[in-house]
1. Regarding region 88-110, can at least one residue be identified that is of a type outside the set (D, E, K, R), surrounded by fewer than 18 Cβ atoms within 10 Å (Cβ to Cβ) and within 9 Å of the ligand (Cβ to nearest atom)?
2. Which one of these is in contact (Cβ under 8 Å) with a residue 24 or more places away in the chain and open to solvent by less than 70 Å² (accessible area, probe 1.4 Å): Ser254, Ser142, Ser189, Ser216?
3. Within region 151-170, is there a residue that is part of a loop (DSSP other than H, G, I, E, B), aliphatic (A, V, I, L, M) and open to solvent by 40 Å² or more (accessible area, probe 1.4 Å)?
4. How about region 8-32: which of its residues are assigned to a helix (DSSP H, G or I) and within 18 Å of Ala104 (Cβ to Cβ)?
5. Any chance you could count how many residues in region 7-31 are of a type in the set (Asp, Glu) and either within 30 Å of Leu198 (Cα to Cα) or open to solvent by less than 40 Å² (accessible area, probe 1.4 Å) (or both)?
6. Any residue in region 56-67 that is without any contact (Cβ under 8 Å) to a residue 12 or more places away in the chain sitting within a Cβ distance under 6 Å of a residue that is hydroxyl-bearing (Ser, Thr, Tyr) and more than 7 Å from the ligand (Cβ to nearest atom)? List the pairs, counting only those 6 or more apart or interchain.
7. Quick test of your reading of the structure: Asp40 fulfils all but one of (1) touching a residue at least 40 places away in the same chain (Cβ under 8 Å); (2) open to solvent by 70 Å² or more (accessible area, probe 1.4 Å); (3) more than 19 Å from Gly102 (Cβ to Cβ). Name the failing condition by number.
8. Checking the condition closer than 24 Å to Ser7 by Cα and not charged (D, E, K, R), which residue from Gln234, Gln194 passes?
Amino acid sequence: MAEVETSRDGAVLTITLNRPDVLNALNMDMHRALASGLKDARDPAVRAVVVTGAGRGFCVGQDLTEFREAAGDIGARLRENYHPNIRAIRGLEKPVIAAVNGVAAGAGMSLACACDVRIAADTASFIPAFINIGLIPDSGGSYFVTRILGPARAFEWLASGKKLSAAEAQAWGLVSEVLEAGALAGRASQLAAQLADLPTRGIGMTKRLLDHAVDSSLEDQLEREAQLQTAATQTDDFREGVAAFLEKRPPRFSGS
Ligand code: T3D
């Protein structure tokens, strides 16, 4: 059984974490398989990506059975196994949706927060489980949660290890939609297909801009916008968008 399964439907790639018996806890094989799925997602024909979990969990972070022995050099493990996949998600020039089907804990919570959009099943929950075993947020958890929730709420949550229900996560702005569990996959596909129809390069550049927006100076951000807007005007989708407006017809974006 593959630790991560990928499937394509048109321009949408779905990456499913697949160790359901352990709520998709991350072990070495899973890191490698996820890296491979994220590499597939770089194909220009893929214009939106869904990350989800098999079974009743989304992902519960590090497989703790690997900590039975001494934890070893965790810093090195993070750098080698976790960071490349987090960077790969942020580096994708296309939208990535986390369809959080169940519990997202520890680095699984960080993984969900690294995605551009989060939607959740009503049975999902979010647990910054690190502190519950004496660890600190990693895999970008401190970075993404602070940006999503703001520093005060991020501290309160990350330092407490408190479980958030899907409804609480929505009220906090951590997820944008909560669906009945049986409707999550369909909604994720629908949302991904809608996003895949949009000007993909423009979405990629918007993602880039927003990644810098929080800690850039206004001057730097104005310049970055000017440079990326110049690039945006050179896309086929810009030409199509303007032509469609002038011809009073719906645009047909190609993603190029
Ligand atoms: O290595 C490094 O580089 C360090 C990186 C660290 C990053 C991290 O992610 S640290 C945080 C690690 N994750 C956790 O601490 C979460 C541990 N899990 C839980 O607290 C609970 O499982 C949940 C609250 C998430 C869910 O509870 P529940 O009651 O719904 O399910 P369960 O019965 O606890 O779990 C179901 C099975 O999954 C169970 O196996 P079993 O007894 O049926 O054979 C359980 O042991 C297994 N499981 C759950 N989480 C993990 C796990 N197995 C290995 N590793 C896990 N993290």
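The values are calculated or read from the model by the stated rules, or taken from the named source; none is laboratory data. This one's a predicted model, so the numbers in the text were calculated from it and none came from an experiment. Counting neighbours? That spans all protein chains shown, and the Cβs are built from the backbone with ideal geometry, glycine included. SASA here: full protein model, heavy atoms, side chains in, ligands and nucleic acids out. Shrake-Rupley method; radii C 1.70, N 1.55, O 1.52, S 1.80 Å.
1. Checked against the condition, which is being of a type outside the set (D, E, K, R), surrounded by fewer than 18 Cβ atoms within 10 Å (Cβ to Cβ) and within 9 Å of the ligand (Cβ to nearest atom), region 88-110 yields no hits at all.
2. Testing whether each residue is in contact (Cβ under 8 Å) with a residue 24 or more places away in the chain and open to solvent by less than 70 Å² (accessible area, probe 1.4 Å) leaves just Ser189.
3. Yes.
4. Those that are assigned to a helix (DSSP H, G or I) and within 18 Å of Ala104 (Cβ to Cβ): Pro20, Asp21, Val22, Met30, His31.
5. 1
6. Close Cβ pairs satisfying both conditions: none exist.
7. Single failed check for Asp40: (1).
8. Details: Gln234 fails: closer than 24 Å to Ser7 by Cα.
The unique qualifying residue is Gln194.
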